[in-house]
Amino acid sequence: MSDEEIQTLNRPQAARTASPQPLPAPAATPQPAWLGPVLLVGIVLAALNLRPAITSLGALFEETREGLGMSGTVAGLITSVPALCFAVFGVTAPRLSRRFGPAAVVCAGMAAVAAGLLIRPFASNATGFLAASALTLAGIALTNVLLPVIVKRWFPDRVGTMTGLYSMALAAGTSLAAAATVPMTRALGGSWRTGLLIWALLAVVAVLPWLAIAAAARKEKAAAAGVPAARPDAGPGVVRSRTAWALACYFGLQATGAYITMGWLPQIFRDAGVSASTAGILLAVTMVMGVPLAFIIPGLAGRMKNQGPIAVVLGLFGLAGYLGLYFAPAAGAWAWVVMLGISNCAFPLVITMIGLRAKSPAGVVKLSAFAQSTGYLISIPGPLVVGVLYQHSGGWDLPLALMAGLLVPQIVLGLLAGRDRTIEDECGMRD
């Protein structure tokens, strides 16, 4: 008798008779005819609400700070809270998604956004305002992470198109809140509280379709309850994937550039002799560039096996824009903001790549949470470092050199993240 036969006889009976076959996939459940259109509406409305809480406050920050008697330290804390909340609360998304389902968590996230926006205009002090803002940002963080999961789950063959749709809606919401908050506030009496409260209405509307989507997802889950399936968290952690780290660092560097642009670009132009009103318009142009490109780029990326070339092109536009600001900030201002607006479209690109670099919704939720949480943590110091360099050097030469320099590793990371591979292949996660 051979050694192999002896080992086989010595194994317990259960081990010898266990089937190595994979667990069967859940049976397909017919989707209601209304679910597809409602999902489209829900995704667009959710994306529209992912930035107005931040950009509307930026437009009225001086009035809000004076109205609540904020100290300079507290004001600085509030400007740093978004990226911190996105990182901290985004980590919880995979666990919540596994327990309640991504649709239910997005629904709860939209409800949190609406509740925070309804509460914070009535805060009587900075502490209450900060707590309400944190509630809103927690909802945004969860939705940030899970929208790519929703797209992968219900639109697996249209990841690029659907990502482009909600990226365009996100850019539109960002630009709309930045441009319309002050005029609407003036039209409604001039109170900063009213100006911030307006955006709660849009968030309340966004909750409605997600109530129906979450109910449909719950019925589907109940129908498949008797079918065994592999655990969604099976296999080693996503931190073992080189692609996941490349995506996380790429996300962090593109977010750093975006926050620096939003926070400091008007000041760069004003120091170059451009009027305050024109500097504001130039920033708006940079942001508006993201609306059409946020739809085009994901669709293009979704049709390509390797998205690295797109990352290179976007990075080169950014380098050209920063070089222009360095040598002739006022003379070529309109050209530089267009170039930087194109470069900042690295956000819809990286969101698309998150959906493409994982095979399953379980993989996407892990990758999305890891890339975004890690990325937002990476982005926190950028605007602060630029401010310190500006203050101590007395000009923009060093800060602009830093901004341009950060684009070099961003391009390299984009090439790595864009390669045609998945995290399941790299770290052995189950589909």
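Our estimate of slack between Leu416 and Val38, defined as 0.36 nm per intervening residue step minus the Cα-Cα distance, is 132.5 nm.
Quote the charge dipole size of segment 119-267 about the Cα centre in Debye, to the nearest 20; the model charges only the Cβ of Lys and Arg (+1) and of Asp and Glu (-1).
Numbers: 12 positive and 3 negative charges, 45 e Å.
Dipole of segment 119-267, to the nearest 20 debye: 220 debye.
Only DSSP H runs of four or more residues enter the estimate; each adds -39500 (n - 2.57), and after division by the residues of the chain the mean residue ellipticity at 222 nm equals -25500 deg cm²/dmol.
Taken about its Cα centre, segment 60-206 carries a charge dipole of about 480 debye when Lys and Arg each add +1 at the Cβ and Asp and Glu each add -1 at the Cβ.
Return one number: the angle in degrees, 0 to 90 and rounded to the nearest 10, between the long axis of the Cα atoms of helix 159-187 and the longest principal axis of the Cα atoms of the chain. The helix 159-187 is inclined about 30 degrees to the chain.
Per residue, the accessible area of segment 282-423 comes to 38 Å² when a 1.4 Å probe rolls over the protein heavy atoms. Projecting the Cα atoms of Ala258, Ala169, Gly341 onto the charge dipole of the chain, computed from C-beta unit charges around the Cα centre, puts Ala169 farthest toward the positive end. This model, with +1 at the C-beta of Lys and Arg and -1 at the C-beta of Asp and Glu, gives the chain a dipole about its Cα centre of some 820 debye. One chain, two ends: Ala222 and Ala276. Fully extended at 0.36 nm per residue, the span grows by 13.7 nm beyond their Cα-Cα distance. For the chain, the longest principal axis of the Cα atoms and the long axis of helix 290-302 meet at an angle of about 30 degrees. For the chain, modelled as a GNM whose springs connect Cα atoms under 10 angstrom apart, the maximal fluctuation among Ala111, Ala320, Ala215 occurs at Ala215.
Would you mind telling me the share, in percent, of accessible area of segment 134-189 contributed by carbon and sulfur at probe 1.4 angstrom? Write out the running numbers ahead of the final one.
Working: 1190 of 1860 Å².
Summing carbon and sulfur atoms, their accessible area is 64 percent of the total for segment 134-189.
Shape call for segment 206-358 from the C-alpha gyration tensor, a ≥ b ≥ c root eigenvalues: rounded (a/c under 1.5), prolate (a/b greater than b/c) or oblate?
Working: a/c = 2.98, a/b = 2.02, b/c = 1.47.
Verdict is prolate for segment 206-358.
In the chain, the longest principal axis of the Cα atoms and the axis of helix 308-327 are about 20 degrees apart.
Segment Ala284..Gln31, full-extension length gain: 87.0 nm, with 0.36 nm per residue of separation and the alpha-carbon distance subtracted.
The values are calculated or read from the model by the stated rules, or taken from the named source; none is laboratory data. Note that this is a predicted model, so its numbers are computed, not measured. Positions of Cβ are generated from backbone atoms using ideal geometry, with glycine treated the same way; all protein chains shown enter the neighbour counts. These area figures cover heavy atoms from the full protein model, side chains too; ligands, DNA and RNA do not enter into them. Shrake-Rupley method; radii C 1.70, N 1.55, O 1.52, S 1.80 Å.
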